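Notes to accompany the following structure.
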Amino acid sequence: MNTDKSIHIASIGHVVFAVIMIGLGVLGLVRGDFTVVWQGVPSGVPAREVLAYLCSLVSLACGVGLLWRQCAALSARVLLAYLILWFLLWRVYGLFVLPLVGGTWSCGQTLVMTAAAWVLFVWFATDWDRQHLGFATGDKGLRIARILYGLGLIPFGIAHFMYLKETVVLVPGWLPWHVFWAYFTGATFIAASLAVLTGIFARLAVTFSALQMGLFALLVWAPRVVTGTPLSAFQWGEVVMTLALTAAAWVVADSYRGSPWFAVGTGSETKSLRVPTLPA
């Protein structure tokens, strides 16, 4: 039972997401470099190292603030604004300088993280937010967050088809039909995206997409980490990114709490909008 009224827990997903942000902040400060969530800044950008530390500080401060009742609204607002700015500055830029899949994949990652931050902003919005940023709060804000999440899933699905060989290698050896699982997981990401965007079985789709990301971390990366299998810097980045995306997807899934599992249409998704709160 939580007796400290200064600690605010809206949902388990909210806590996991906040902890992941804290971890990203600590990792970035220790390494003195961008973590995988904030990568994509060209090497020639002025004050690049300062920007890397700023990203780490934002991650750490917002992660802590999201768990603190007095700071939750401000932290969600800052994190959302920072992620949107990051998307506009570097992810859109990446679409022009990176290969198609690489550029869209990075966009997808940031969109999913932004969707989670937007859900938290809607949950913790103050009267000032609702008065001055009404378009981003309430049902409208939640709908925008879910659209971003749906759009973010599309590159994940496409990448499974475009990089089939690389995806097949990641399928655990004890599972049969490796090619089938590569196609299946890619197709489910795309199907989940369509479900979210159309509002058809959206809660079910988001929940299963979050579960799929979590299973990827559990079945693909966890055994390699536990057994001490050498991982490249890129693979370690993928481990961290998988955990971050799973946490973000969890937050979005939590936003459907109270909605029917088999709802059809966007209107029925947000009628019961409320800030979820775990019992003390």
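The values are calculated or read from the model by the stated rules, or taken from the named source; none is laboratory data. Nothing here was measured: the structure is a model prediction, and the numbers come from that model. For neighbour counting, all protein chains shown are included, and Cβ atoms are generated from backbone atoms with ideal geometry for every residue, glycine included.
Below is a table of values for the structure above.
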{"item": "Any pair with Cβ under 9 angstrom, 6 or more apart, that starts in region 28-40 at a residue that is touching a residue at least 24 places away in the same chain (Cβ under 8 Å) and ends at one that is buried (at least 16 other Cβ atoms within 10 Å of the Cβ) and of a type in the set (D, E)", "result": "V36/E238; Q39/D33"}
{"item": "From A81, A76, residue being surrounded by 20 or more Cβ atoms within 10 Å (Cβ to Cβ), among the hydrophobic types (A, V, I, L, M, F, W, C), within 21 Å of S255 (Cα to Cα) and modelled with pLDDT of 95 or more", "result": "A76"}
{"item": "Residue satisfying all of: in region 88-131; hydroxyl-bearing (S, T, Y) and more than 17 Å from the chain's Cα centre (by Cα); surrounded by the fewest Cβ atoms within 10 Å (Cβ to Cβ) among these", "result": "T126"}
{"item": "Matching residues, region 198-216, being surrounded by fewer than 21 Cβ atoms within 10 Å (Cβ to Cβ) and free of Cβ contacts under 8 Å to residues at least 24 places away in the same chain", "result": "F208, L211, L215"}
{"item": "Identity of the residue in region 65-76, in a helix (DSSP H, G or I) and touching a Ser or Thr at 6+ places or on another chain (Cβ under 8 Å), that ends up farthest from V37 (Cα to Cα)", "result": "A73"}
{"item": "Qualifying positions in region 49-77 - of a type outside the set (A, V, I, L, M) and closer than 13 Å to F17 by Cα", "result": "S59, C62, G63, G65, S75"}
{"item": "Check on L27, assigned to a helix (DSSP H, G or I) and over 23 Å from A145 (Cα atoms)", "result": "yes"}
{"item": "Odd one out for V179 among (1) at pLDDT below 95; (2) surrounded by fewer than 16 Cβ atoms within 10 Å (Cβ to Cβ)", "result": "(1)"}
{"item": "Residues being of a type in the set (D, E) and within 22 Å of the chain's Cα centre (by Cα) - total across region 136-184", "result": "1"}
{"item": "Qualifying residue in region 165-180 (condition: at negative phi, aromatic (F, W, Y) and out of contact with any helix residue (DSSP H, G or I) (no Cβ under 8 Å at 6 or more places or on another chain))", "result": "yes"}
{"item": "Search result, residues across region 136-173 that are free of Cβ contacts under 8 Å to residues at least 24 places away in the same chain, closer than 28 Å to V15 by Cβ and not small (G, A, S)", "result": "T137, K140"}
{"item": "Residue within region 147-168 that is of a type in the set (D, E, K, R) and more than 18 Å from M113 (Cα to Cα) present", "result": "yes"}
